[in-house]
1. Six or more apart or on different chains, Cβ atoms under 8 Å: show the pairs whose first residue is in the range 212-228 and over 14 Å from LEU189 (Cβ atoms) and in a helix (DSSP H, G or I) and whose second is of a type in the set (Phe, Trp, Tyr) and open to solvent by less than 40 Å² (accessible area, probe 1.4 Å).
2. Just give me the residues in the range 41-62 being over 22 Å from MET133 (Cβ atoms) and open to solvent by 60 Å² or more (accessible area, probe 1.4 Å), in sequence order.
3. Based on what the data block shows, is ALA103 aliphatic (A, V, I, L, M), open to solvent by 50 Å² or more (accessible area, probe 1.4 Å) and over 24 Å from the mean Cα position of the chain (by Cα)?
4. Testing LEU126 on (1) open to solvent by less than 70 Å² (accessible area, probe 1.4 Å); (2) assigned to a helix (DSSP H, G or I), one condition comes back false. Which one is that?
5. Here's a check for you: in the range 172-186, which residue that is assigned to a helix (DSSP H, G or I) and open to solvent by less than 40 Å² (accessible area, probe 1.4 Å) is nearest to GLY145 (Cα to Cα)?
6. Could you grab me the full set of residues in the range 254-300 that are within 23 Å of LEU124 (Cβ to Cβ) and modelled with pLDDT under 95?
Amino acid sequence: MPDRRSRGYQPRWKPQAPTLELLAAVDRVLDRYRAQLPLTIRQIWYSLISDGVLAKEGRTYKRLIEVMGMARRSGRIPWEALRDDTEIRAEPAFYAGPDDFRAALRQAAVDYRLDRQTGQPIRLELWSETAGMVNQLRRLAGPYGVPVYSGSGFSGLPAKRAAALRAAADRRPVKVFVISDWDPSGVHLFSALAEDVSAFAAVDAPGTEVAFERLAVTERQIEEHRLPTAPTKAGDNRSFTGTSTTQAEALPPDVLAAVVREAITSHHDPHILARLLEREERERHDLLTGLGLQTDPGPD
């Protein structure tokens, strides 16, 4: 087992045979979902459960955390393959000098983007209960200009009111896609979010339609993909129609990607987006030319 007292890099780490087998299984998961990297450790855990490598027990999750920690310290697993979201940064902006500033200015022009929801008949948002999934969701939703929200904002009043104020500023119908656990907490979270934001919007954005749709996890997805389940926690008296619970991270990353992409594209007019992207490219070119900077192809 990994040494809990290990600090810093551990290039001399020599895992035992059972750990090597576990790491080989992790490699297969990372390779399978390389298009969705980085993954959270919990997503890897659920994949290993589905693969029959680990049992769905707290001790196996704890062991995976320890093994993955040593694997990263030793260089066995790339640091960038995992998403932690445990770090909060507040760093001052600075430049090494004029050349560095000009390089940053050029990069800002290269990264120039319009609001890619401009002109669409409906405005979309994506909310995730799990903060660790935001980076994956951002890569999926970003090309369409769909923002992703997560974390404690689900239950925070300011975030709910902010959603209503966004609806008030735009006035188009709003569709909010939600990804949350299938358990009493996740179901309550979804209904409370929808009710609270709608109530704020009725005052701040009267007449603006705000609709919510659960993308994942659903009972159908649990059955179709045979997702790992657990019994509901004793003492949780919130209304819940299910007989078992499943976390959102249990849904395979590629399946989640397909669900999110289908939900967004089914509400987006591709012709409107194509015209907007053409305009975006022209304006990016003009910015680079006006700044006297070499023109490169724009970002994807």
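The values are calculated or read from the model by the stated rules, or taken from the named source; none is laboratory data. These numbers were taken from a predicted model, which means no experiment stands behind them. Counting neighbours? That spans all protein chains shown, and the Cβs are built from the backbone with ideal geometry, glycine included. We work out accessible area using only protein heavy atoms, side chains counted, and drop any ligands, DNA or RNA first. Shrake-Rupley method; radii C 1.70, N 1.55, O 1.52, S 1.80 Å.
1. GLU219/TRP182; ILE222/TRP182
2. Taking the range 41-62 first, the residues over 22 Å from MET133 (Cβ atoms) are 52, 55, 57, 59.
Selection gives GLY52, GLU57, ARG59.
3. Details: aliphatic (A, V, I, L, M): yes; open to solvent by 50 Å² or more (accessible area, probe 1.4 Å): yes; over 24 Å from the mean Cα position of the chain (by Cα): yes.
It is true that ALA103 is aliphatic (A, V, I, L, M), open to solvent by 50 Å² or more (accessible area, probe 1.4 Å) and over 24 Å from the mean Cα position of the chain (by Cα).
4. With respect to (1) open to solvent by less than 70 Å² (accessible area, probe 1.4 Å); (2) assigned to a helix (DSSP H, G or I), LEU126 is out only on (2).
5. Here is the first cut: in the range 172-186, the residues assigned to a helix (DSSP H, G or I) are 184-186.
Of the ones still in play, those that are also open to solvent by less than 40 Å² (accessible area, probe 1.4 Å) are 184, 186.
On the way: PRO184: 31, GLY186: 26 Å.
It comes out as GLY186.
6. HIS268, GLY298, PRO299, ASP300
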